[in-house]
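Here's the structure, in structure tokens; my notes come after.
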Amino acid sequence: MFRQSFHELSVSTRGRGLYEFTDDVEKWIAQNKFREGLLTIFLQHTSASLLIQENASPDVPRDFERFFERLVPDGDEIFEHTLEGDDDMPAHIRTALTTVNLGIPVRNGAMTLGA
Amino acid sequence: MFRQSFHELSVSTRGRGLYEFTDDVEKWIAQNKFREGLLTIFLQHTSASLLIQENASPDVPRDFERFFERLVPDGDEIFEHTLEGDDDMPAHIRTALTTVNLGIPVRNGAMTLGA
Amino acid sequence: MFRQSFHELSVSTRGRGLYEFTDDVEKWIAQNKFREGLLTIFLQHTSASLLIQENASPDVPRDFERFFERLVPDGDEIFEHTLEGDDDMPAHIRTALTTVNLGIPVRNGAMTLGA
């Protein structure tokens, strides 16, 4: 039998950075007793994004941040839309370059993330 | 009961830029009386892409365009594939950097976009 | 009647590059006799990604490679995480800039890719 269920997950943040919420998602899948299906993660923001990455070494998130700071610097003079701050357009562009949506297969009650 | 439905939506364009079609999608959802489910948007092009962004200020799309023009300039000398014009590879690369596919949850008959 | 099916596809690679596996996916759809539905492709890696692109001219993949080499150069001095090689962070960042997940509508037993 096919079932679908929706859940709104809030992730607290303290400034720019990567915030892991894998456990929250796994917990939700377990609570719903989903075994096989498709998990859709959709982020309702245009200045944040979703990333599946290795999170073992703390230097990986730092390297991500340095790369994006160089690619889309805050206060870049090419931006007109600066009313909401000089990090507003950079945040929108980072979002466009990454993604706000993931569809992850679920098998045996867990996301099929890599090993 | 689960239902699925397909629709081909054409969006007319006049050169490079952002073209909003949110209303067309909402209308289609309403016509099909979908209440809860997953909306898949898939773009059948390799030189255009999908973007969820704020569209209140006209300077936001302009800033996007300026950023991508700097990142992947037309006529960039690193490109070999110029047979279809000097904006051909830049368009393919913009597409790769953004996305051609979105999966958006639908609840209460509407896309769950952010506020 | 709704059905879902899972399949793990391995793609052999010999170094960096674009590897086409469209035929393998089409074959799987045909074997499963899927007619209408949603195909989810999910890549279980954080240093590889999925791309839908034209693959007629051999210069297109070369131009992609040249662009990404310039954008995220191997051995870039901004990267701290170099333990696994000077192409490790560049690979993670390429993945973040592109995608590990695609949702492609299937109609009449085939992916609805563009013409």
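The values are calculated or read from the model by the stated rules, or taken from the named source; none is laboratory data. Quick caveat, the model's predicted, so the values are computed rather than measured. Reconstructed Cβ throughout: ideal geometry from the backbone, glycine too, with neighbour counts over all protein chains shown. Heavy atoms of the whole protein, side chains included, go into the accessibility calculation; ligands, DNA and RNA do not. Shrake-Rupley method; radii C 1.70, N 1.55, O 1.52, S 1.80 Å.
Brief remarks on what is shown
- Distance between region C:42-95 and region B:9-25 - C-alpha centres, whole angstrom: 30 Å
- For B:Ala56, inter-copy separations between label points set 7 Å beyond Cα along the Cβ vector come to 4.4, 4.4 nm, shortest first.
- Fully extending the segment from B:Asn108 to B:Arg14 would add 30.4 nm, taking 0.36 nm per residue of separation and subtracting the current Cα-Cα distance.
- Shielding of peptide A:75-85 by partners, expressed as the average count of other chain Cβ atoms within 10 Å per residue Cβ, is 4.
- Across region C:23-38, coupling constants 3J(HN,Hα) worked out from phi with the 6.51/-1.76/1.60 Karplus curve, θ = phi - 60°, read 4, 4, 5, 4, 4, 5, 4, 5, 4, 7, 6, 6, 9, 10, x, 10 Hz, and Gly and Pro carry x.
- Cα point-scatterer Debye curve for the protein assembly as shown, base-10 log of I(q)/I(0) at q = 0.13 Å⁻¹: -1.15
- Computed over chain B with a Gaussian network model linking Cα atoms closer than 10 Å, the most mobile of B:Val100, B:Val25, B:Val11 is B:Val11.
- The helix-based estimate of mean residue ellipticity at 222 nm for chain B, built from -39,500 (n - 2.57) per DSSP H run of four or more residues and divided by its residue count, is -8500 deg cm²/dmol to the nearest 500.
- When the chymotrypsin sites (Phe, Trp or Tyr not before Pro) in region C:1-98 are filtered for DSSP coil states and for at most 15 other beta-carbon atoms within 10 Å of their beta-carbon, the remaining sites are C:Phe2, C:Phe6, C:Tyr19, C:Phe21.
- In this structure chain C gives 57 Å² per residue of accessible area when probed at 1.4 Å with all protein chains present.
- Using C-alpha pairs below 8 Å separated by at least 6 residues, the relative contact order for chain A is 41 percent.
- Shortest-first nm distances, A:Arg3 label point to equivalent points in other copies (7 Å, Cα→Cβ): 2.4, 2.4
- Over region A:1-68, the reciprocal of the mean inverse Cα-Cα separation, the Kirkwood hydrodynamic radius, stands at 14.3 Å.
- Top positive-direction residue, dipole computed over the protein assembly as shown with Cβ charges, set A:Tyr19, C:Gln31, A:Leu50: C:Gln31
- Choice from A:Pro90, A:Pro105, A:Pro58 showing the highest fluctuation, given a GNM over chain A with Cα pairs closer than 10 Å: A:Pro58
- Here the spin labels are modelled as points 7 Å beyond Cα on the Cα-Cβ line, and at B:Phe2 and B:Asn32 they lie 1.4 nm apart.
- The phi torsions of region A:99-113, fed into the Karplus equation with coefficients 6.51, -1.76 and 1.60 and a -60° offset, translate into couplings of 7, 10, 8, 9, x, 10, x, 10, 9, 6, x, 8, 4, 8, 5 Hz, rounded to whole numbers, with Gly and Pro shown as x.
- Carbon + sulfur, % of accessible area of the protein assembly as shown - ligands and nucleic acids excluded, 1.4 Å: 48 percent
- The base-10 log of I(q)/I(0) for chain A, evaluated at q = 0.17, 0.21 Å⁻¹, reads -0.93, -1.23 [Debye formula, identical scatterers on Cα atoms, solvent excluded].
- Charge dipole (debye, nearest 20) of region C:33-83; +1 at Cβ of Lys and Arg, -1 at Cβ of Asp and Glu: 460 debye
- Look at the alpha carbon pairs under 8 Å that are at least 6 residues apart: their mean separation over the length of region C:54-115 gives a relative contact order of 18 percent.
- Residues whose amide H comes within less than 5 Å of that of C:Leu39, counting only those at least five positions distant or on another chain, are C:Ile104, C:Val106 (H built at 1.01 Å from N in the peptide plane).
- Dipole magnitude (debye, nearest 20) for the protein assembly as shown, charges at Cβ of Lys, Arg, Asp, Glu: 2320 debye
- Of the residues C:Ile41, C:Ile78, C:Ile29, the one that moves most in a GNM of chain C with alpha-carbon contacts below 10 Å is C:Ile78.
- Solvent-accessible area buried by pairing A with B, both sides, nearest 100 square angstrom, 1.4 angstrom probe: 2600 Å²
- Phi-derived couplings, Karplus 6.51 cos²θ - 1.76 cosθ + 1.60 at θ = phi - 60°, listed residue by residue for region C:8-22: 9, 10, 9, 10, 6, 10, 10, x, 4, x, 9, 10, 7, 9, 3 Hz, with x used for Gly and Pro.
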